[in-house]
Amino acid sequence: MNKPTAPPVCVDLQHVSLRYVSSGREVHALEDVSLSIGQGEFVAVAGPSGCGKTTILKLVAGLLPPTQGRVLIDGHPVSGPQKNVGMAFQNPILLPWRTALQNVLLPLEVVQPHRGQFRSQRRAYEERAHSLLHTVGLDGFADKPPYELSGGMQQRVSLCRALIHEPEILLLDEPFAALDAFTREELWSVLQALWTERRCTVILVTHDLREAVFLATRVHIMSKRPGRLIHETLIDLPRPRALEDTFKPEFVDYVHSIYGRIGQVRA
C-alpha cells in the first residue's frame, strides 16, 4: 500500500532565534526553533507563559524579523508583513462604530488587491461575509454593533474577519482564552468546521491542552525562555471531533501525556 503523500510545506522556520532589547536589557526570546508545517495542517503550540509562542506568530506574519535563521512561506523568505495571513487574538478588537458585517469586511477595504476593487465587487464581498457569518451561527446579527454582541459572538466576528480575504495561513493567538468554558468549547466546533471547509494552514497558540488536542493535527511543546521546541505529539483522532469525544480515554490520554511534558519543562 502506498503511503499518503505529505502536503507541500507552507510555513518553514529554519533554526530561528530572536533577541531584542526591552527596558535597556537584552531579551533572548527564541533559540534555534525549526518547524515545518504542511499546507492545510492545523498545528497547536503550547508552553509556559513568556516562552515565545506569540513571537512565532509574529515571525510568520512578518511583523518581526528573526535575529538568526530564516522564515519561509511557500519557499519564499518572509521579509515584511504578509498579505496571505489572517490573524485573530484573545481580544476581538472590533471597531465599535462599525456593524458586525462592516467589521468582517474591513480587511477587504485595506488589503490589496481587494482594496482596489472593493467598490466594484462590494456586493460579492458582502455575500462572502454573510456566508461566513452564517457558518459561525450569526445569521440576523450582521447589522449589530459590537456592544450588542456577547463576547462569544464578537469572537465569531473576529474569526470571520480573519478569513474574509481567504488567507492561506490563519494565526490564532489564544483566541478563546477570555471566554467562559461553555462558549469556548462551542467555538472549538465552530473553528473546526471553518477549517474543515477551507483547509487553510492554521497555527494556534494556546494554554488549553484540551483545546489543542481537540483542534490540532499535532501539538508542539515549548521550553521556558529562551523558547525552544522540545516535543511534538501527533494527534491521531478521527474527524470531525465532537465535544463528547473529549471524555473518551484516548482523548484524555493525549492531554495527560502533553501535560506531563509541560510538567517536565516547569521542573
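Below, the figures for the structure above:
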item: Residue in the stretch 49-60 that is at pLDDT below 95 and over 29 Å from residue 261 (Cβ atoms) present; result: no
item: Residue match in the stretch 238-260 (condition: farther than 20 Å from residue 42 by Cα and of a type in the set (S, T, N, Q)); result: no
item: Residue that is surrounded by the fewest Cβ atoms within 10 Å (Cβ to Cβ) [pool: residues in the stretch 215-267 that are in contact with a helix residue (DSSP H, G or I) (Cβ under 9 Å, 6 or more places away or on another chain) and among the basic types (Lys, Arg)]; result: 239
item: Which listed residue is of a type in the set (Phe, Trp, Tyr), surrounded by 21 or more Cβ atoms within 10 Å (Cβ to Cβ) and not in a helix (DSSP H, G or I), from 141, 176; result: 176
item: Flag for residue 117 being at pLDDT below 90, at negative phi, under 22 Å from the mean Cα position of the chain (by Cα) and not charged (D, E, K, R); result: no
item: Residue match in the stretch 241-257 (condition: in the same structural domain as residue 58 (by TED's automatic domain parsing), closer than 26 Å to residue 167 by Cβ and either touching a residue at least 24 places away in the same chain (Cβ under 8 Å) or out of contact with any Leu (no Cβ under 9 Å at 6 or more places or on another chain) (or both)); result: yes
item: Residue match in the stretch 10-24 (condition: within 19 Å of the chain's Cα centre (by Cα), surrounded by 15 or more Cβ atoms within 10 Å (Cβ to Cβ), among the β-branched types (Val, Ile, Thr) and within 24 Å of residue 88 (Cα to Cα)); result: yes
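The values are calculated or read from the model by the stated rules, or taken from the named source; none is laboratory data. Remember, it's a predicted structure, so these values are computed and weren't measured experimentally. Note that each Cβ is placed from the backbone with ideal geometry, even for glycine, and that neighbours are counted across all protein chains shown.
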